[in-house]
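Comments concern the structure below.
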Amino acid sequence: MTAPAGTASRIDALRQTVEQALDRALPSRSVWPATIHEAVRYSLFAGGKRIRPLLTLAAGEAVGGHAADVMPLACAVEMIHTYSLIHDDLPAMDDDDLRRGKPTCHKVFGEAIAILAGDALLTRAFHHMAALPAGESAAIAVRRLRAIQVLGEACGTSGLIGGQVMDLQSEGKAVDATELEGIHRAKTGALLSACVRGGAVLGGASAADEDRLSGYASAVGLAFQIVDDILDATEGAEQLGKTAGKDAAREKATYVRIHGLERSRAMARDLLSAALAALGPFGARATLLSELARLIVERRA
Ligand code: GRG
């Protein structure tokens, strides 16, 4: 299914806005020490789909918030996502040569600078979230603080880091379906959920709306990684912009390995239905969120 023309062009326009905001949010290449800023920008502007910032902005929109209030988080989540990709590609982790269709950060800048580029992006994300413009209201400052907390939790040992630890430790081991779901929810789902929940917080969501959007986020977060498992098994490197077939080569626990291709596809479709159902009460304001859920499940890269 393709997106309605209006929604597809809105998504493209928002993506452009995110690119510009990211560009403003980071030191330029020539700022001292130039090497680190070159490495950061090399990976950040290598052509990611920007799904996380889009989800963040769409969640803010669903609760009637202003894009300007939500944009700092949209930038922060993309910085954190890029940091995780740079570190995941390091020889000590997944040891990959290709990312976003280009040589990985450590291949171009060396391992030490790649580690520091990841560290710089993680640090900048929180710096950026905490930088309130002059004249910002106390209400917005409190929302920012809550969004920082949501983000910090998603990046920590119960989220991204914990998921990566479990993922590394599961290589070559028998992992059951429940453990695998836990890994996927932590490694990938936590940050995606933080985009939606944090976007809602910054948009001024009521507690009830935050709750409803958490249901959407949970379904979309898991679906995203199931689809990633499917794509790794079915698409080539040219299409994906990263090495394909790595999960099987490294004997990784994946949905395809445990449930098979067809069942994995059915699970992703069921999660899409659950995500869309959670958006019912938001009506037309959730058009972007529903379109993004479809894009996530129906994507080819
Ligand atoms: C190293 C701290 C640390 C964490 C690593 C997120 C992660 C945990 C590793 C990245 C590798 C991986 C397979 C992550 C799962 C999430 C995922 C599918 C990332 C790719 O996201 P896309 O498709 O990529 O949104 P683009 O390039 O479009 O942004």
- Task: Express the Stokes-Einstein translational diffusion coefficient of region 5-298 in µm² s⁻¹, to the nearest whole number, given a Kirkwood radius over alpha-carbon pairs, 25 °C and a viscosity of 0.890 mPa s.
- Result: 127
- Across Val18, Val40, Val165, the residue with the highest GNM fluctuation in the chain (Cα network, 10 Å cutoff) is Val165
- When the charge dipole of region 1-152 is computed with +1 at the Cβ of Lys and Arg and -1 at the Cβ of Asp and Glu, the Cα pointing farthest to the positive end, of Leu85, Ile11, Gly48, is that of Ile11
- Message: Given a 10 angstrom Cα cut-off, can you work out which residue in Gly283, Gly152, Gly60 is the most mobile in a GNM of the chain?
- Response: Gly283
- Query: Among Gly260, Gly241, Gly204, which one shows the biggest mean-square fluctuation in a GNM of the chain, springs joining Cα atoms closer than 10 Å?
  - Reply: Gly260
- Message: Only four residue types carry charge here, +1 at the Cβ of Lys and Arg and -1 at the Cβ of Asp and Glu. Report the dipole size of region 74-218 about the Cα centre in Debye, rounded to the nearest 20.
- Response: 560
- Can you tell me the relative contact order of region 54-154? Whole percent, Cα pairs under 8 Å, sequence separation 6 or more. 26
- Please list the helices of the chain that count as membrane-span-like by this rule: a mean Kyte-Doolittle hydropathy of at least 0.5 together with Cα atoms stretching 27 Å or more along the helix axis, each helix being a complete DSSP H run. 67-88, 111-130
- Note on the structure: The Cα radius of gyration of region 1-120, divided by 2.2 N^0.38 Å with N its residue count, comes to 1.15
- Would you calculate a helix-derived [θ] at 222 nm for the chain, using -39,500 (n - 2.57) for each DSSP H run of n ≥ 4 and dividing by the full residue count, to the nearest 500? -22500 deg cm²/dmol
- Message: Given Cβ point charges of +1 (Lys, Arg) and -1 (Asp, Glu) and nothing else, what value in debye, to the nearest 20, does the dipole of the chain about its Cα centre take?
- Response: 600
- Note on the structure: Hull volume per residue for region 55-191, using the convex hull of the C-alpha atoms, in Å³ is 132
- Output the relative contact order of the chain, whole-number percent, from Cα pairs under 8 angstrom with separation of 6+ residues. 22
- May I ask which residue of Gly204, Leu261, Ala177 lies farthest towards the positive end of the charge dipole of the chain, with charges of +1 (Lys, Arg) and -1 (Asp, Glu) on Cβ and the Cα centre as origin? Gly204
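All of the numbers you see were taken from the coordinates with simple rules; none came from a lab. Because the structure is predicted, anything quoted here is derived from the model rather than measured. Please note: Cβ atoms are built from the backbone with ideal geometry, for glycine as well, and neighbour counts cover all protein chains shown.
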